[in-house]
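The values are calculated or read from the model by the stated rules, or taken from the named source; none is laboratory data. Quick caveat: nothing in here was measured; it's all calculated off a predicted structure. Cβ placement follows ideal geometry from the backbone for every residue including glycine, while neighbour counts extend to all protein chains displayed. Ligands, DNA and RNA are excluded from the accessible area calculation, which covers all protein heavy atoms including side chains. Shrake-Rupley method; radii C 1.70, N 1.55, O 1.52, S 1.80 Å.
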Amino acid sequence: MTNTPLLAGIELGGTKAMALLACGDTIIDSLRLPTTSPGSTLAALESWLAAAADRHGAFAALGIASFGPLGLHPGRPGHGCITTTPKPGWSHTDVLHRFAARFGVPTGFDTDVNAAALAEGRWGAARNASVHIYLTIGTGVGAGIVVDGRPVHGLLHPEIGHIRIRRRPGDDFPGACPFHHDCAEGLISGPALALRTGTNATRLPAGDPVWPGYVADLAELLTTLMLTVSPDCILIGGGVGLGQQHLLPALRVAVEARLGNYLPDALPLLRAELIRAPLLGENAGPLGAIALAADALAGP
């Protein structure tokens, strides 16, 4: 611990935000607060980090894991900003440069789900994986893809929740996504489940009749990810995902059925928990911010 730098992290979610100090994967101090307006939320996080540094000592780097979409390309307009989010008031909010200027330390910035994927690869269930995916199912659906220890970026970042998936015969649910209606997010997110059932997804019992159809929809997405990304493992987290781990055995069976005896070399791993739960649980996101800080401190 004495040789491990003190790092700071911010997990900025659509409903709640967290600031923390950590050494490695050991959280030293933390704050949780609701995500309200950009001005009040960011100011509160900024103030807490400054006070935490007074209590524990200066931190060496900062990582920011945020809901998106985000501008991640340094050479393009909007770098460091939340871009066209549906969250009211947050579109075009510059997050990265505000905190980098305030604290003057190396600062990493990425999506909350990319950060969670990094944390699971460093300290959690995806250690030793060369390619892994962290799929989060909650208010939205997102996924972080990590290849050889680095999150995948490109024009923007993966937006797997908005992939269109094959609809189940007879399912006329219109979908909950305001952009695409019946994309993956529109069919399997927490709000989609609430619209289908009239109940918060976290309160649905394991035997609820909604789950077989849900498994079918989620299996379509997982099969697509297996065939496009070829991951060593897929971890399912988020508020809905973490609360419904009883679905994992059925998901493995459903994905195998959709592969249709294709990729026979992958089937033993699929049956032996290629699709599995995260190890870090609710700490994946906050520790992901710490992983971003560590990478910023290490440099390119």
Item to complete: Confirm whether Ala52 is surrounded by 20 or more Cβ atoms within 10 Å (Cβ to Cβ), at pLDDT 95 or above and out of contact with any helix residue (DSSP H, G or I) (no Cβ under 8 Å at 6 or more places or on another chain).
Response: yes
Practice prompt. Report yes if some residue within segment 133-153 is in a loop (DSSP other than H, G, I, E, B), open to solvent by less than 30 Å² (accessible area, probe 1.4 Å) and in contact with a strand residue (DSSP E or B) (Cβ under 8 Å, 6 or more places away or on another chain); otherwise report no.
Written response: no
Item to complete: Tell me, please, whether a residue that is modelled with pLDDT under 95, more than 21 Å from Asn114 (Cβ to Cβ) and either open to solvent by less than 50 Å² (accessible area, probe 1.4 Å) or out of contact with any Pro (no Cβ under 9 Å at 6 or more places or on another chain) (or both) can be found in segment 156-163.
Response: no
Discussion item. Please go through segment 25-40 and give me each residue that is among the β-branched types (Val, Ile, Thr) and either over 27 Å from Pro86 (Cβ atoms) or touching a strand residue (DSSP E or B) at 6+ places or on another chain (Cβ under 6 Å) (or both), ordered by number.
Written reply: Thr26, Ile27, Ile28, Thr35
Worksheet entry | Pairs where the first residue, in segment 138-157, is touching a residue at least 12 places away in the same chain (Cβ under 8 Å) and hydroxyl-bearing (Ser, Thr, Tyr) and the second is in a loop (DSSP other than H, G, I, E, B) and crowded, with 16+ Cβ neighbours inside 10 Å, C-beta under 8 Å, 6+ apart | Thr139/Gly14; Thr139/Ser189
Practice prompt. Being modelled with pLDDT under 95 and more than 17 Å from Val113 (Cα to Cα) narrows it down to one of Thr36, Thr2, Thr15, so name that one.
Written response: Thr2
Worksheet item: For segment 223-261, which residues satisfy the criterion of being of a type in the set (A, V, I, L, M, F, W, C) and within 20 Å of the chain's Cα centre (by Cα)?
Response: Leu225, Met226, Val229, Cys233, Ile234, Leu235, Ile236, Val240, Leu242, Leu247, Leu248, Leu251
Worksheet item: Among all residue pairs at least 6 apart or on different chains, which show Cβ distances below 8 Å where the first residue, located in segment 175-200, is farther than 16 Å from Gln244 by Cβ and outside any helix (DSSP H, G or I) and the second is β-branched (Val, Ile, Thr) and open to solvent by 10 Å² or more (accessible area, probe 1.4 Å)?
Response: Cys183/Ile163; Cys183/Ile165
Item to complete: With the condition kept exactly as written, say whether any residue in segment 110-131 is free of Cβ contacts under 8 Å to residues at least 24 places away in the same chain, of a type outside the set (S, T, N, Q) and open to solvent by 30 Å² or more (accessible area, probe 1.4 Å).
Response: yes
Worksheet item: Mind checking which pairs have a first residue in segment 217-233 that is closer than 18 Å to Pro278 by Cα and assigned to a strand (DSSP E or B) and a second that is among the hydrophobic types (A, V, I, L, M, F, W, C) and open to solvent by less than 10 Å² (accessible area, probe 1.4 Å), Cβ under 9 Å, 6 or more apart or different chains?
Response: Cys233/Ala126; Cys233/Ile133; Cys233/Leu274; Cys233/Ile275
Practice prompt. Would you mind telling me which numbered condition in (1) hydrophobic (A, V, I, L, M, F, W, C); (2) surrounded by fewer than 20 Cβ atoms within 10 Å (Cβ to Cβ); (3) without any contact (Cβ under 8 Å) to a residue 24 or more places away in the chain Ala206 fails?
Written response: (3)
Worksheet entry | Per-region count, segment 56-78, residues surrounded by fewer than 21 Cβ atoms within 10 Å (Cβ to Cβ) and either under 22 Å from the mean Cα position of the chain (by Cα) or β-branched (Val, Ile, Thr) (or both) | 4
Response to the item:
Residues of segment 22-64 being β-branched (Val, Ile, Thr) and touching a residue at least 60 places away in the same chain (Cβ under 8 Å), in sequence order, are Ile27, Ile64
